[in-house]
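Structure, as C-alpha cells:
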Amino acid sequence: MSQLALLGGPAVKTKPFPVWPHYDEREQQALTEVLESRLWWRTDGTRVTQFEQDFAAFHDAKHGIAITNGTHALEVALAALGVGPGDEVIVPDATFVATASAVLFCGAMPVMVDIRRDTECIDPDLVEAAITPRTVGVIPVHLGGHPADLDRLVQLTSDRDLFLLEDCAHAHGSEWNGKKVGTHGIAGTFSFQSSKLMTAGEGGIIVTNDDEVERNLRSVHDCGRLPGEWFYSHYAYGSNYRLSEWQGAVLSVQLERLEEQTARRDTNSQLLDQLLAEIAGITPQARDTRCTRNGHYAYIFHVDPQEFAGISIERFIEAMNAEGIPNQAAYPQVHQLDMFQNGAYKTRLCPDQAAGEHAFLKGSFPNSLRAATEDYWVPQYCLLGDDQDMREIVVAIQKVQEQAENLA
C-alpha cells in the first residue's frame with residue numbers, strides 16, 4: 001500500500017464526499033416567497049406553523065413547537081415541565097454541554113451518570129442508582145442517532161413518577177421498536193444547527209403528545225402568552241424563543257429530504273459495520289436490535305491504540321484527515337468541563353444544594369472517558385455518499401493501521 005498521505009504519499013480519498021448543507025432551487029424558492037410576502041415574523045406568517053405540524057407528524061407526534069435552537073428547546077421544555085431550584089435531573093456524562101446546562105438554566109442540578117460501553121448511550125442501571133428524593137426527571141441522549149434504551153428508561157421513570165425528556169439532537173428519524181424517537185417520554189427536543197441531519201443554520205423543535213405540556217411549551221416560548229388570548233397578556237414565565245419564517249421555510253424543504261437521507265445513512269452505516277468488523281482494534285458503536293432505524297448524526301467507532309502501534313487518537317485523526325476522511329470531535333466528559341470542576345455551576349443552584357456534596361465531580365466514568373479519548377466520529381454527510389465512499393473510509397483505516405509504526 002502507498003505511503004501515508006501524512007508522510008507525503010497520495011491520499012486514499014480523491015472523490016469528495018457530498019457537500020453539506022444540501023440545498024437546491026426549492027429552498028431558494030421558499031426563501032423568495034417569504035421575502036416577497038413581507039411576512040417574516042412567525043406571528044403573522046404560516047411557514048413555521050406548517051413546519052411544526054409536518055415535523056410532528058413525521059415523528060408521530062401530536063404537537064410541534066419550533067424553537068430558536070436545540071439548546072433553547074431543552075431550556076423551554078424543562079421550564080414548561082416545572083423544573084426549578086432544588087430539583088435534580090439525571091443526564092449522561094457523554095453529551096454536548098447543553099444537556100446539562102439547560103438543567104442549570106432552571107436552577108436545578110444536572111446529575112451525570114456513565115454511558116454503556118456498547119451503544120455509548122446513558123446506562124439505565126446507573127440512572128436507577130442515581131435517583132434520589134430530589135430527582136424529577138431523566139434526559140437520555142440518543143448519541144450519534146442511536147436511541148438510548150427507551151424500554152428500560154420509560155419503565156424506570158413511569159414507575160417513579162419522573163419525566164423522561166428525550167434529547168434527540170442527533171436522532172431525526174431514528175426509531176426504537178418501530179416508533180420514532182421524541183414521543184417515548186413526555187417530550188423530545190431536536191436541533192437544526194448547521195451540522196445536524198436537517199438544518200437552517202440554527203433552530204430547534206420540541207414534540208409532544210401531551211396537550212397540557214404543549215400549552216405550557218407555547219407559553220414559555222412566546223413570552224408567557226397563551227394561544228387565543230390578548231397579545232399583551234402574559235400569564236407565566238416566558239421569553240422569546242420563536243423561530244423566524246425564513247427558517248420555517250428552509251426547514252420545510254429540508255424535511256422533504258429527511259426520509260430518503262435517513263434511509264441512505266442507515267444503509268451505509270450498516271455496510272461500514274460489516275466491513276469494519278474485519279479490522280482488529282476497530283469497534284463500531286453497537287446497534288441494539290430494538291433500534292429499527294438510526295438517523296446517524298455521525299458514524300462512531302472506537303480505536304484501540306494497541307492495534308495501531310500505540311499511537312494516540314490525535315495522531316490517528318491526523319492521519320485519517322490527511323487521507324481525506326473528515327472527523328468531528330467526540331464530546332469531552334461533561335463532569336470534567338471547567339464549569340463543573342471550578343465550581344461555576346454552583347452559582348445556578350439554590351444555597352443548600354450548592355453547599356452539598358456532589359459525588360459526580362469525583363465519580364468513575366470509564367465508558368464516557370473511553371468515548372471521549374478513543375472514539376472517531378465520521379460526520380453524517382459522509383454517510384450520504386455511495387458504496388465507493390464507504391469502502392474508501394475502510395481502506396484509509398487499513399492503511400493507517402498497516403503503517404502505524406511510522407506514526408509512533
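Any read-out appearing in this document is the output of simple, stated calculations on the displayed coordinates, not a laboratory observation. Only a predicted model underlies this, so the values are computations on that prediction, with no experimental measurement involved. Cβ placement follows ideal geometry from the backbone for every residue including glycine, while neighbour counts extend to all protein chains displayed.
Only beta bridges with both residues in the stretch 25-254 are counted; by DSSP, about 50 percent of them are antiparallel. For the pair the stretch 75-107 / the stretch 1-71, the C-alpha centres are spaced 27 Å from each other. Treating each Cα of the stretch 25-254 as one equal point scatterer and applying the Debye formula with no solvent, the log10 of I(q)/I(0) at q = 0.09, 0.18 Å⁻¹ comes out as -0.35, -1.31. Applied to the stretch 169-180, the Karplus parametrisation 6.51 cos²θ - 1.76 cosθ + 1.60 on θ = phi - 60° returns per-residue 3J(HN,Hα) values of 4, 9, 10, 3, x, 5, 9, 10, 6, x, 10, 5 Hz, with x for Gly and Pro.
What order do you get for 259, 392 when you list them from fewest to most C-beta neighbours inside 10 Å?
Details: 259 11, 392 22.
The fewest-first ordering by Cβ neighbours comes to 259, 392.
Only one residue of 84, 41, 236 has its Cα farthest out toward the positive end of the dipole of the stretch 25-254, where Lys and Arg carry +1 and Asp and Glu -1 on Cβ, and that residue is 41.
Compared with the dominant Cα axis of the chain, that is its longest principal axis, helix 313-322 is turned about 80°.
Determine, for 246, 40, the number of other Cβ atoms within 10 Å of each Cβ, and report the residues in order from fewest to most. If you can, show how the numbers build up before the last one.
Details: 246 20, 40 14.
If I rank by nearby Cβ atoms, fewest first, I get 40, 246.
Decide, for the chain, between rounded, prolate and oblate: order the square roots of the alpha carbon gyration tensor eigenvalues as a ≥ b ≥ c, take rounded if a/c falls under 1.5, and otherwise choose prolate if a/b is larger than b/c, else oblate. Judged from the Cα gyration tensor, the chain comes out oblate (a/c at least 1.5, b/c at or above a/b).
When the helix-only estimate is applied to the chain (DSSP H runs of n ≥ 4, each -39,500 (n - 2.57), divided by the residue count), what is the mean residue ellipticity at 222 nm, nearest 500 deg cm²/dmol? List each step's numbers first, then the result.
Values: 13 runs with 147 residues, N = 408.
Roughly -11000 deg cm²/dmol at 222 nm, from the helical runs in the chain.
Classified by the C-alpha gyration tensor, the stretch 97-136 has an oblate form. Its axis ratio a/c, with a ≥ b ≥ c, is 1.5 or above, and a/b does not exceed b/c.
Net charge in the neighbourhood of residue 187 (other residues with Cβ under 13 Å of its Cβ; Lys, Arg +1, Asp, Glu -1) is -4.
Kindly state, to the nearest 0.05, the FRET efficiency for residue 359 paired with residue 33, given R0 = 60 Å and r defined as their beta-carbon distance. Spell out each step's value before the answer.
Numbers: r = 54 Å, r/R0 = 0.91.
Result of the calculation: an efficiency of 0.65.
Out of 227, 269, 283, whose Cα points farthest toward the positive end of the dipole of the chain (charges: +1 Lys, Arg; -1 Asp, Glu; placed on Cβ)? Going by the charge dipole, the pick is 227. Under a model in which nothing but the beta-carbon of Lys, Arg (+1) and Asp, Glu (-1) is charged, the chain shows a dipole of about 480 debye around its Cα centre. Separation of the stretch 131-152 from the stretch 330-361 is 19 Å, based on Cα centroids. Summary value for the chain: 22 percent relative contact order, contacts being C-alpha pairs under 8 angstrom separated by 6+ residues. Looking at the chain as a GNM with Cα springs under 10 Å, which of 87, 375, 151 has the largest mean-square fluctuation? It is 151.
For a protection proxy built on the mean count of beta-carbon atoms within 10 angstrom, sort 300-308, 187-195 highest first, please. Display every interim value, and only then the final one.
On the way: 300-308: 17.9, 187-195: 23.9.
Highest mean packing first, the order is 187-195, 300-308.
The GNM of the chain, with springs linking C-alpha atoms under 10 angstrom apart, assigns the highest mean-square fluctuation among 388, 270, 285 to 388. For the stretch 99-208, the fraction of C-alpha pairs farther apart than 17 angstrom is 54 percent. Exposure proxy for 397, 206: other Cβ atoms within 10 Å of each Cβ, ordered fewest to most, give 397, 206. Cut-off 17 Å, label point 7 angstrom out along Cα-to-Cβ of residue 277: give me the residues of the stretch 379-408 whose amide nitrogen falls inside. Flagged as within label range: 391, 394.
Let me know the shape class of the stretch 259-366, please: from the alpha-carbon gyration tensor, a ≥ b ≥ c as square roots of the eigenvalues, rounded when a/c is under 1.5, otherwise prolate if a/b is greater than b/c, or oblate. Numbers along the way, then the final one.
Details: a/c = 2.53, a/b = 1.72, b/c = 1.47.
In terms of gyration-tensor shape, prolate.
Once the Cα-Cα distance is subtracted from the 0.36 nm per residue extended length, the residue 239 to residue 23 segment shows a gain of 74.6 nm.
With +1 on each Lys and Arg Cβ and -1 on each Asp and Glu Cβ, and nothing else charged, work out how big the dipole of the stretch 25-254 is about its Cα centre, in Debye to the nearest 20. Write out the running numbers ahead of the final one.
Values: 17 positive and 33 negative charges, 88 e Å.
Using only the charged Cβ atoms, the result is roughly 420 debye.
Counting Lys +1, Arg +1, Asp -1, Glu -1, what net charge surrounds residue 284 among other residues with beta carbon under 11 Å of its beta carbon? Net charge around residue 284: -3.
Ranked by the mean number of other Cβ atoms within 10 Å of their residues, highest first, the peptides 166-175, 223-232 come out as 166-175, 223-232.
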